Structure formats: C-alpha cells, structure tokens
Amino acid sequence: MELEIMLTGIGGQGVQLGAQILARATALEGREVMYLGTYGGTMRGGNTDSTIVVADTAITTPPMVSRIGAALAMHHEFWSGIEGKLRPGASVVLNSTVFEGEVRAEGVDIYLVPATQIATELGSPVSASMVLIGAYASLSGIVKLESLVEEMTRSLPAYRRQHVQLNEHALQAGYEALESNLAAAAWTRTGGKL
C-alpha cells in the first residue's frame, strides 16, 4: 500500500515545514516515507510544493508522482498543476480562508478547513500549515496527533523554539476541525486503504 500526498501553496506559508513534519511523523510511526520539496524562483510569493509518499513496504522510486491520493492546498495559486494529478477518490483539504475558486477534479472528496482563520485566532497566522496538516491527520488517520507534535518540536530550528506551543495548539485545532470525519480515513492502523 502506498499513498501519495501533495502539499501546495505560496512561499512563506509553511508548506515545506508542514510536509517535513507530516513525513517525519509517519516515519516515527514505523512506515516507509519519502519526501521531496520543490520551490519556485522566489522565496516568498512563489510556488512551493511538497510530495510525500507513504508506504507499508520499502519505497523504491523517488517521490515524483504523476497521480496522487491526497492534496492539501494552502492557497489557490499554483493549484492547477496539482489538481490534474488527483486520482478518483482522492482527499482534498483546502485552506478555505484564502483558497479562491473551485476544485474541478471529479470524484474527489473535498474538505474545507479555515486554517488561516483558526491560526490567526490562536495568535499565530503563520501556523496555518500546522492547522491543515493536523486536519489531514485527523481525517486520514495516517498519523497520531502526538507524533505530529513530537516531530514539529524536533523540526523547528533553535531560533524558532518560541513557536513550539503555538504550533502545538494549531496542530490540535486542526485535528479537532475534522475529527468528526474519521469515517473517510485513508490509512488504517494495519496500513491498508479503506
């Protein structure tokens, strides 16, 4: 069983950090994982995407995929390149605070999470990516909240340690935002797709 997950947004929204935390949390829970971050030509405001491949057996190819089973979108900018990769039955989690437009892919499940609004209410708008990955973890069952918190704490550089508590609250808030949708789990504890 393999699951391909893509995160997308614009530079400065925490897409790369969020993907790194999600990838590390899946490894912490004993799954095989590969992660690849890509950036546009600018640090802030350009496109930024990350691909994560999670599997219950060894992964032999790099995480450059043509089809994906899940997408997390922090922003609508650059979304069209991701949308074309969605396979039928994919889960799409959108930051509904800033995502404009609609998802045109057919046969996908769309979940709206006001990630930027939730993060702002918590006092840290830059933690919106934490809200979104927390929501996806709750929805999919791919990792436990505790694993996300542990890997977020490990992933933050020393000069960002003051953000640990705010990011933890953002992960928790995201997890609770979609907690009632667990019937749509993409990963069971035995590793198979439902």
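The values are calculated or read from the model by the stated rules, or taken from the named source; none is laboratory data. A quick note: this is a predicted structure, and the numbers were derived from the prediction, not measured. Every residue, glycine as well, gets a Cβ built from its backbone with ideal geometry; the counts of neighbours run over all protein chains shown. SASA here: full protein model, heavy atoms, side chains in, ligands and nucleic acids out. Shrake-Rupley method; radii C 1.70, N 1.55, O 1.52, S 1.80 Å.
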Q: Working only within segment 139-153, note down all residues that are in contact (Cβ under 8 Å) with a residue 40 or more places away in the chain and either over 21 Å from residue 110 (Cα atoms) or of a type in the set (Asp, Glu) (or both).
A: 144, 147, 148, 150, 151, 152
Q | Residues of segment 154-166 that turn out to be closer than 18 Å to residue 15 by Cβ, part of a helix (DSSP H, G or I) and free of Cβ contacts under 8 Å to residues at least 40 places away in the same chain, as a count | A | 2
Q) Taking segment 109-127, which residues are without any contact (Cβ under 8 Å) to a residue 24 or more places away in the chain and over 21 Å from residue 17 (Cβ atoms)? A) 110, 112
Q) How do the strands (runs of 3 or more DSSP E) wholly within segment 1-98 filter down when requiring 1 or more residues that are in contact (Cβ under 8 Å) with a residue 60 or more places away in the chain, open to solvent by less than 10 Å² (accessible area, probe 1.4 Å) and closer than 22 Å to residue 145 by Cβ: which remain? A) 2-10, 47-55, 68-73, 86-95
Q) Quick check: anything in segment 30-53 more than 16 Å from the chain's Cα centre (by Cα) and at positive phi? A) yes
**Q.** Every residue from segment 138-170 that is among the β-branched types (Val, Ile, Thr) and within 13 Å of the chain's Cα centre (by Cα)
**A.** 142, 143
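Residue 136 - would you say it is touching a residue at least 60 places away in the same chain (Cβ under 8 Å) and outside any helix (DSSP H, G or I)?
No, not satisfied.
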Q: Please indicate, with yes or no, whether at least one residue in segment 127-145 is within 21 Å of residue 12 (Cα to Cα), of a type in the set (Val, Ile, Thr) and modelled with pLDDT under 95.
A: no
Q) Is there a residue in segment 158-167 that is of a type in the set (S, T, N, Q) and modelled with pLDDT under 95? A) yes
Q: Could you grab me the full set of residues in segment 123-137 that are hydrophobic (A, V, I, L, M, F, W, C) and under 14 Å from the mean Cα position of the chain (by Cα)?
A: 128, 130, 131, 132, 133, 135, 137
Q. Residue 81: over 18 Å from the mean Cα position of the chain (by Cα), more than 24 Å from residue 1 (Cβ to Cβ) and of a type outside the set (Phe, Trp, Tyr), yes or no?
A. no
Q) Is it true that residue 146 is part of a loop (DSSP other than H, G, I, E, B), open to solvent by 40 Å² or more (accessible area, probe 1.4 Å) and out of contact with any Cys (no Cβ under 8 Å at 6 or more places or on another chain)? A) no
